[in-house]
Structures are given as C-alpha cells and as structure tokens.
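J.: Can you keep this structure in mind? I'll have questions shortly.
The values are calculated or read from the model by the stated rules, or taken from the named source; none is laboratory data. Quantities reported herein were computed from a predicted structural model and do not represent experimental measurements. FYI the Cβ positions are ideal-geometry reconstructions off the backbone, even for glycines, and counts take in every protein chain you see. Protein only, heavy atoms only, side chains kept; ligands, DNA and RNA dropped before computing areas. Shrake-Rupley method; radii C 1.70, N 1.55, O 1.52, S 1.80 Å.
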Amino acid sequence: MAADNTSSVIEFILTGLTDQAQLKIPLFFLFLSFYMVTVVGNLGLITLIGLNSHLHIPMYFFLFNLSFIDFSYSTTLTPKMLMGFVSEKNIISYAGCMTQFFFFCFFVFSESYVLSAMAYDRYAAICKPLVYTVTMSPQVCSLLLLGVYGMGVFGAVAHMGNIMFITFCGDNLVNHYMCDIIPLLELSCNSSYVNLLVVFIVVTIGIGVPILTIFISYGFILSSILHISSTEGRSKAFSTCSSHIIVVSLFFGSGAFMYLKPPSILPLDQGKVSSVFYTAVVPMLNPLIYSLRNKDVKVALKKTLSIKIFS
C-alpha cells in the first residue's frame, strides 16, 4: 500500500514565494537581477583569485571555494524560483525535487564548514603568525577542504535518508519555492516526531558545530588582538576579520532563524522569506563584501583590468 502511495506522487507543485499575481513580475526581475549579480560576482572572484598568484594563499583558497559554493547553490535554486514567477503552474518532478534537495543540502552544509575553516585560518594568521605557513600548509588546507565537502556529503545523505523512507499521500502541493525538508515532511502521511528530530540533529551538526568552531576561533583572536599594544596593529587585525564576521552573521543568522525554531513558532510563510535571504541574498552579497572591503582583491582587480585594457 505504501509503495502505491509513494509511486502515485510523480511530481510536486511548488506554491512559490507569493500567490499575488501583481507581485510576480516585479519579483521575477528583482530575483533575476540578484542572480545576475551573484553569477558575475562569484565567477569574477573565482577568476580573479585564479589569475593572480599573490592571492594563492590559504585565505583566498577558501574564498575561492566559498564563491564556487555560493554560485553553485544559487544556481541549484534560483532558476526554478524564477520559472515559478512566470509559469502558470510551477511543477517539479519527484526526481527533480529530490535532486534539487540533495544539492541544496550539500552546498549549504559545505558553506557552513568552509566559513568555519576560514575562521580557523584567521585564528592561525593572528594568533600564530610565526608558524602560520606550517599551520596552514597546502596539505592542511587540502585536508580542511576535504572535511568541508565531506560534511556536505554527510548533510545531503542524512537528509535524503530521512526523506526517502516517508510516504507521500495524495497531496503534492509544496508550500515553498523549492524542495525543502520541512514542507516535504508536512506532505507525508507517515512522518513522525522522529523525522523532525533527525532534521533538528542534522541541522544542529550543520550549523551548531561550525558556529561553535567560529566562536572559539574568534575568542582566541579577540584575546590576541587585545594584547596588541599599537592601535594601528589592532585596527589591522580587526580589518582582516571584518568581512568574514559580516558573512558569517548573515548566513548563520538567517539559517538558524529558519531551521532551529519549531514550526509552530515560525510559520512556513515567514520561513520562506528567511530562506530567500540565505539562498538568494547572501550568495550575492558575499563577493561584494569581500571585494569592497578587501585591499588585496581591489589591487588584483585593478591589475587584471589594466592588463586586459593594455593588451
């Protein structure tokens, strides 16, 4: 019987961000512009880091991967969201839904852990400057990156494992603009408290562990900065961390708001607005924050542009 129920749902209908027809076209152009800035900004930063040898250091190695992750998970979600604004019925196949959900989980978990790896890099640079090249050797950076994508795989597989065992009954209307765990669990006829508990545990590992790592790293960083005697030295140390702190606050703030509150406290419609922030706005802002607030990136951009113009 369960197999019949499951097989009867071969596609889902996504309700989208809004059901108000007059808002759909303005929102389409708004999110299209967000997506274009995201693509240009992140691919631009990837190209810039790749072309400039003085940026081939651990900090920019992780920033390169952050830009790749931001570009990828924005591309996983935004085109389908844009289609929802202009199509009469926003349909996604069961296989398409599961694929989107898998890659969404993979890239979000990877972003959480790459941000914590970047915090560790700042800790090594400020607290252990004399042994920084050993602490953040190419081998260490490669192992950290392996851990980043390994946790991405863990998050995606754990969430997929949780959802593959539930049965979808007749209703296939997903109250979201993407395939996400909570709205999908709401459609199932056999999901239980255990499924929600698994979601909470997996999300806590995906958000809680990186946040703890970042807090510990910045605790040591703050302690080291306060021991710097010169004001100029303290200011320079703070400025190397400021971009990362802003990015971390935006990403984890909106993610925690969406997932670490019971559904009764945060209705799904409000959750959709929160998820828009970290799926569409944060990937767009990250390259802007790092390029506008970073002297090395500005110098690399001027150098690259001058070479192109000269050639």
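J.: In this structure, is F62 within 30 Å of F200 (Cα to Cα) and surrounded by 19 or more Cβ atoms within 10 Å (Cβ to Cβ)? Before the answer, list the steps.
T.: On the way: within 30 Å of F200 (Cα to Cα): yes; surrounded by 19 or more Cβ atoms within 10 Å (Cβ to Cβ): yes.
So F62 passes the test.
J.: Residue check: is V203 at pLDDT 85 or above, assigned to a helix (DSSP H, G or I) and open to solvent by less than 40 Å² (accessible area, probe 1.4 Å)?
T.: Values: at pLDDT 85 or above: yes; assigned to a helix (DSSP H, G or I): yes; open to solvent by less than 40 Å² (accessible area, probe 1.4 Å): yes.
Judged against the criteria, V203 is a match.
Here is a yes/no grid of residues against (1) under 15 Å from F104 (Cβ atoms); (2) in contact with a Cys (Cβ under 6 Å, 6 or more places away or on another chain):
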position	(1), (2)
F31	no, no
Y35	no, no
L45	no, no
L51	no, no
P58	no, yes
F62	no, no
T76	yes, no
K80	yes, no
E88	no, no
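J.: Considering only residues that are open to solvent by 20 Å² or more (accessible area, probe 1.4 Å) and either free of Cβ contacts under 8 Å to residues at least 60 places away in the same chain or among the β-branched types (V, I, T) (or both), which ones fall in region 80-91?
T.: Result: M83, V86, S87, E88, I91.
J.: Also: Could you list, in sequence order, the residues of region 216-254 that are under 14 Å from N286 (Cβ atoms) and touching a helix residue (DSSP H, G or I) at 6+ places or on another chain (Cβ under 8 Å)?
T.: Of everything in region 216-254, those that are under 14 Å from N286 (Cβ atoms) and touching a helix residue (DSSP H, G or I) at 6+ places or on another chain (Cβ under 8 Å) turn out to be S243, H244, I245, I246, V247, V248, L250, F251, F252, S254.
J.: Do you know which residues across region 161-199 are among the hydrophobic types (A, V, I, L, M, F, W, C) and under 18 Å from the mean Cα position of the chain (by Cα)?
T.: Residues satisfying the conditions are M178, C179, I181, I182, V199.
J.: Which pairs have Cβ atoms under 6 Å, sit 6 or more apart or on different chains, and link a residue in region 161-181 that is more than 15 Å from F102 (Cβ to Cβ) and open to solvent by 10 Å² or more (accessible area, probe 1.4 Å) to one that is among the hydroxyl-bearing types (S, T, Y) and in a helix (DSSP H, G or I)?
T.: Short answer, once both residue conditions are applied: T167/T6.
J.: Test each condition in (1) open to solvent by 60 Å² or more (accessible area, probe 1.4 Å); (2) under 14 Å from P283 (Cβ atoms); (3) modelled with pLDDT under 95 for F68 and report the one that comes out false.
T.: So F68 meets the others, but not (3).
J.: If only one of S274, S239 is at pLDDT below 80, among the small types (G, A, S), in a helix (DSSP H, G or I) and surrounded by fewer than 15 Cβ atoms within 10 Å (Cβ to Cβ), which one is it? If you could, list the steps in order and put the result at the bottom.
T.: Details: S274 fails: surrounded by fewer than 15 Cβ atoms within 10 Å (Cβ to Cβ).
Being at pLDDT below 80, among the small types (G, A, S), in a helix (DSSP H, G or I) and surrounded by fewer than 15 Cβ atoms within 10 Å (Cβ to Cβ) holds for just one of S274, S239, which is S239.
J.: Now for a separate question. Could you please let me know if I126 is farther than 14 Å from N65 by Cα and open to solvent by less than 40 Å² (accessible area, probe 1.4 Å)?
T.: Answer is yes for this residue.
Every residue, every condition in (1) small (G, A, S); (2) modelled with pLDDT under 85; (3) in a helix (DSSP H, G or I), yes or no:
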{"site": "N162", "(1), (2), (3)": "no, no, yes"}
{"site": "Y177", "(1), (2), (3)": "no, no, no"}
{"site": "V199", "(1), (2), (3)": "no, no, yes"}
{"site": "I214", "(1), (2), (3)": "no, no, yes"}
{"site": "Y218", "(1), (2), (3)": "no, no, yes"}
{"site": "L222", "(1), (2), (3)": "no, no, yes"}
{"site": "I228", "(1), (2), (3)": "no, yes, no"}
{"site": "S235", "(1), (2), (3)": "yes, yes, yes"}
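J.: Evaluate region 104-118: report whether one residue or more is of a type outside the set (D, E, K, R) and surrounded by fewer than 18 Cβ atoms within 10 Å (Cβ to Cβ).
T.: Checked region 104-118: no residue is of a type outside the set (D, E, K, R) and surrounded by fewer than 18 Cβ atoms within 10 Å (Cβ to Cβ).
J.: Just wondering, is there one or more residues in region 21-32 that are within 30 Å of A300 (Cβ to Cβ) and either free of Cβ contacts under 8 Å to residues at least 60 places away in the same chain or touching a Pro at 6+ places or on another chain (Cβ under 9 Å) (or both)?
T.: yes
J.: Would region 83-92 turn up any residue that is under 22 Å from the mean Cα position of the chain (by Cα), of a type outside the set (V, I, T) and under 27 Å from K272 (Cα atoms)? Break it down into steps so the answer makes sense when it comes.
T.: Just the residues of region 83-92 that are under 22 Å from the mean Cα position of the chain (by Cα), to begin with: 83-84.
Right, trim to of a type outside the set (V, I, T) and you get 83-84.
Adding the requirement that they be under 27 Å from K272 (Cα atoms) leaves 83-84.
Checking region 83-92: at least one residue is under 22 Å from the mean Cα position of the chain (by Cα), of a type outside the set (V, I, T) and under 27 Å from K272 (Cα atoms).
J.: Further, regarding this structure: Looking at K303, K308, which one is part of a helix (DSSP H, G or I), open to solvent by 10 Å² or more (accessible area, probe 1.4 Å) and either modelled with pLDDT of 70 or more or of a type outside the set (D, E, K, R) (or both)?
T.: Details: K308 fails: either modelled with pLDDT of 70 or more or of a type outside the set (D, E, K, R) (or both).
Testing whether each residue is part of a helix (DSSP H, G or I), open to solvent by 10 Å² or more (accessible area, probe 1.4 Å) and either modelled with pLDDT of 70 or more or of a type outside the set (D, E, K, R) (or both) leaves just K303.
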